[in-house]
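What follows is a single structure, written as structure tokens, with notes after it.
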């Protein structure tokens, strides 16, 4: 292409020279009045024209080199991008970052319906309390006390889960039209302003529901959703509150299982988490109260499927709402798509003692979308994918194994990058050559930081 541009420019220069020669009689009249020789003027004009053309050609070639995709076909800024697990958004207000979600025409987000899942978790806890009211009030004081492990105060999913628990237990306090998701520290006397005492009437008797304590589980290095921090927290809370703790609620299973193994299993205090990790589901048989499956099998499929469709140049709904040639298709009871947000959301399912045996292996692909694609129509492509924290229980033990099962089915060669859960640079520093990849699946440390990645792709 660059050679063609240069050739066209030089051709134009020669035409200019020829025209200058053909017009020597007119130039002669002008030259005569100025005392210049017609031939000299023509030669000078031609030389100037040729020089200008050469300079223009050089500039054009340089511009072409700068703008040309380094892989020879598609610019990095135009390659498919799938944000997943952490939706680009303002960590303070929750407002979606539509610039990131519209980075290019092949940009999408894959997650789950956080509000629907949060409602399920809150209702699951409320239902459990009602069904076990005879034994759940451990000290018989008429107060159902619970503690809450909050994952990340700046993460929309964490915020939704905190709100869901407080809503269904009646302990939520509205702030700016929404339930306040703020951690409260300790609240044994019910005086905290970010929560209130809830009321449950069961069997004709009224019980008070009180959030005794809550905190963000953030370690000293800055990593959130930290299981070890949750384990330390329950030790502190148990020492302070003892048999006032009747229920434990956690924003995820990683933190929930740390508290369960560290204290509540022995004390027979029901613990409720989120994610349906295999260890948490298995623990339901040992007294773990329940968890929420966010259909990680569907999410992992969608994460890779959207970039697969973009790479193949087919309708984005292929293999999702519309069956592909291999027969892969999802039904609308397991996911939803918001076109305005360019976001796919998996739907959630409560996992309790009644159905936990169906969810014991969280790494099994979802059967309706487990058919191998044909390499003739979906040839092998290379994908860069990061996990924000290699130590995150859900992402490392459930999500990534699912991705690794699907990447073969979708003919994708995926490089998996594990972050430290603290800084974006720990991840972005390992995206030194975006040109070697055909697509990108991005899991940010913080939802505000989409530009850390898009700026690399835009260089």
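General remarks:
- Cβ crowding within 10 Å, taken as a proxy for footprinting-reagent exposure, orders 93, 423 from fewest neighbours to most as 93, 423.
- Relative contact order of segment 79-459: 20 percent, from C-alpha pairs under 8 Å at least 6 residues apart in sequence.
- Residues listed by number, segment 149-178, amide nitrogen under 17 Å from residue 236 label point at 7 Å toward C-beta: 149-153
- Panel order for 406, 416, 388, 274, by other beta carbons found within 10 Å of each beta carbon, from fewest to most: 416, 406, 388, 274.
- A Förster radius of 45 Å, combined with the Cβ-Cβ distance separating residue 390 from residue 135, puts the computed FRET efficiency at roughly 0.65.
- Segment 79-459: C-alpha gyration tensor shape, a/c 1.5 cut-off, then a/b vs b/c: prolate
- Cα shape, segment 144-247, gyration tensor, a/c 1.5 rule: oblate
FYI, it's all coordinate maths here, none of it is from the lab. Model, not experiment: these values are computed from the prediction. Positions of Cβ are backbone-derived with ideal geometry, glycine not excepted, and every protein chain shown enters the neighbour counts.
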